[in-house]
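Chemist: Here it is: the structure, laid out below.
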Amino acid sequence: MWNLSFEAPKIIDANPLTTMPDAFRRPQRSDWADANRGGKPVDSFIEGPAFDRDGNLYITDIPHGRIFRIDPALRWELVVEYDGWPNGLAVHRDGGIWITDYRKGLLRLDPGSGRIEPLLTHRNSESFKGVNDLVFDARGRCWFTDQGQTGLQDPTGRVYRWDPDSGQLDCLLSTVPSPNGIALDVEQQVLFVAVTRANAVWRGPLMRDGTVSKVAAFRTFFGSGGPDGLAIDADNRLVVAHVSLGGAFVVEPTGEILHFVRSKAGRAVTNIAFQPGSRRMVMTDSETGSILVADMPSPGPTPFSHA
């Protein structure tokens, strides 16, 4: 059942905006592809879309350790290539690019020079499993998921919150089978986590002491993959990218689904981002290396980078 009206979700088409140029594609095997794509050559696997104040779109390319900048004229530029697996990406208010890198932890990229520096590489001398995605709250604290290869066979994925001012790192959840995308509601009183291998999105109310309580399955899905990137709109709808169903679901605060954003490219929709100040939303399709765009029912809230 999609919703209490027993109606199919309304379709919003997401049309191709731009595709990775052939000059940047690398159809080759890699350690990442061996572990995640059965050893098949992967020319790219794009993720982590985020806009800066100048309207540039930044994305990651996980297997080849690359960060790209796509300007408003849709010109692609390689910002940096390094020996990591960058997955999620978020723009800080100071203009720096924060990256959740599966191999290296939490990193910061200076978009002007291309210099990368480590921010947080471990917790209590223990390495992370493989960090995946991140979001800033209004105070500039970084919330991120530590997914690794967890799943229903190993439900030990974690969700962290790090305050860079105090240096305090809190582990909020530690029993998640594949925590992936992460989002906070508009009032920042609820935490949402995409739990890919359980094919669900979890919802956790945030308590006054900063802990998470009564975590529950907010919405469940189906398919060979599961929920991936998450985004909140200004009306507190949760947009859920699904990595195997060819689009993103728009979920009401009640958990009902009234809209489906359908990819007009491939089916591996991995992540989503609202362009600040508009109803325009982009999606990354990792199967084709494409960026898609759709007009949504509501704009996204003002992100930390633009506040």
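Chemist: Which ones in segment 65-110 are free of Cβ contacts under 8 Å to residues at least 12 places away in the same chain, of a type outside the set (K, R) and in a loop (DSSP other than H, G, I, E, B)?
Modeler: A73, D94
Chemist: Further question: In segment 167-182, which residue that is in contact with a Gly (Cβ under 9 Å, 6 or more places away or on another chain) and of a type in the set (G, A, S) is surrounded by the fewest Cβ atoms within 10 Å (Cβ to Cβ)?
Modeler: By that ranking, first place goes to S174.
Chemist: Scan D154, D137 and give me the residue that is within 16 Å of V212 (Cβ to Cβ) and charged (D, E, K, R).
Modeler: Of the residues listed, the single one that is within 16 Å of V212 (Cβ to Cβ) and charged (D, E, K, R) is D137.
Chemist: Is it the case that some residue within segment 30-44 is surrounded by 11 or more Cβ atoms within 10 Å (Cβ to Cβ), under 27 Å from R280 (Cα atoms), touching a strand residue (DSSP E or B) at 6+ places or on another chain (Cβ under 7 Å) and not acidic (D, E)?
Modeler: yes
Chemist: Output the number of residues of segment 111-120 satisfying the condition of being assigned to a loop (DSSP other than H, G, I, E, B) and in contact with a Phe, Trp or Tyr (Cβ under 8 Å, 6 or more places away or on another chain). Give the derivation first.
Modeler: Initially, segment 111-120 is screened for residues assigned to a loop (DSSP other than H, G, I, E, B), giving 111-115.
Pick out the ones that are also in contact with a Phe, Trp or Tyr (Cβ under 8 Å, 6 or more places away or on another chain) and you get 111.
So the count comes out to 1.
Chemist: With (1) over 19 Å from F274 (Cα atoms); (2) modelled with pLDDT of 95 or more; (3) not basic (K, R) as the list, and D137 as the residue in question, which single condition is left unmet?
Modeler: In the conditions (1) over 19 Å from F274 (Cα atoms); (2) modelled with pLDDT of 95 or more; (3) not basic (K, R), D137 misses (1) alone.
Chemist: Another question, then. Exactly one condition in (1) surrounded by fewer than 21 Cβ atoms within 10 Å (Cβ to Cβ); (2) more than 23 Å from P253 (Cα to Cα); (3) not β-branched (V, I, T) is false for Q147; which is it?
Modeler: The number of the failed condition is (1).
Chemist: I'd like the residue in segment 62-99 that is surrounded by 13 or more Cβ atoms within 10 Å (Cβ to Cβ) and at positive phi and, out of all such residues, is farthest from the chain's Cα centre (by Cα).
Modeler: This residue is G95.
Chemist: Being at pLDDT 95 or above and not β-branched (V, I, T) is the filter here, so list the residues in segment 287-302 that pass it.
Modeler: Across segment 287-302, the qualifying residues are G289, S290, L292, A294, D295, M296, P297, S298, P299, G300, P301.
Chemist: Turning to a different aspect of this structure: Here are A268, A241, A216, A234: which of them is of a type in the set (G, A, S), closer than 21 Å to Q147 by Cα and in contact (Cβ under 8 Å) with a residue 60 or more places away in the chain?
Modeler: After ruling out the rest, the residue left standing is A241.
Chemist: Can you go through A198, A265 and tell me which one is small (G, A, S) and closer than 25 Å to F6 by Cα?
Modeler: Only one candidate passes the filter, namely A198.
Chemist: Moving to a separate point now. Just to verify a result, which residue in segment 123-165, among those that are among the aromatic types (F, W, Y) and in a strand (DSSP E or B), is farthest from the chain's Cα centre (by Cα)?
Modeler: W162
Chemist: Which residues, taken from segment 226-243, are over 15 Å from the mean Cα position of the chain (by Cα) and not acidic (D, E)?
Modeler: A234, N236, R237
Chemist: When you scan segment 126-139, do you find a residue that is surrounded by fewer than 18 Cβ atoms within 10 Å (Cβ to Cβ), among the basic types (K, R) and free of Cβ contacts under 8 Å to residues at least 40 places away in the same chain, even just one? Show your work before the answer.
Modeler: Looking only at segment 126-139, we keep the residues that are surrounded by fewer than 18 Cβ atoms within 10 Å (Cβ to Cβ), and these are 126-127, 137-139.
Checking which are among the basic types (K, R) leaves us with 139.
This time we only want the ones that are free of Cβ contacts under 8 Å to residues at least 40 places away in the same chain, so: 139.
Within segment 126-139 (the criterion being surrounded by fewer than 18 Cβ atoms within 10 Å (Cβ to Cβ), among the basic types (K, R) and free of Cβ contacts under 8 Å to residues at least 40 places away in the same chain), the answer is yes, since at least one residue qualifies.
Chemist: Something else: Anything in segment 183-217 that is crowded, with 19+ Cβ neighbours inside 10 Å and of a type in the set (D, E, K, R)? List them, or say none.
Modeler: Of everything in segment 183-217, those that are crowded, with 19+ Cβ neighbours inside 10 Å and of a type in the set (D, E, K, R) turn out to be R197, R203.
The values are calculated or read from the model by the stated rules, or taken from the named source; none is laboratory data. Bear in mind the structure is a predicted one, so any value in this text is a computation, not a measurement. Counting neighbours? That spans all protein chains shown, and the Cβs are built from the backbone with ideal geometry, glycine included.
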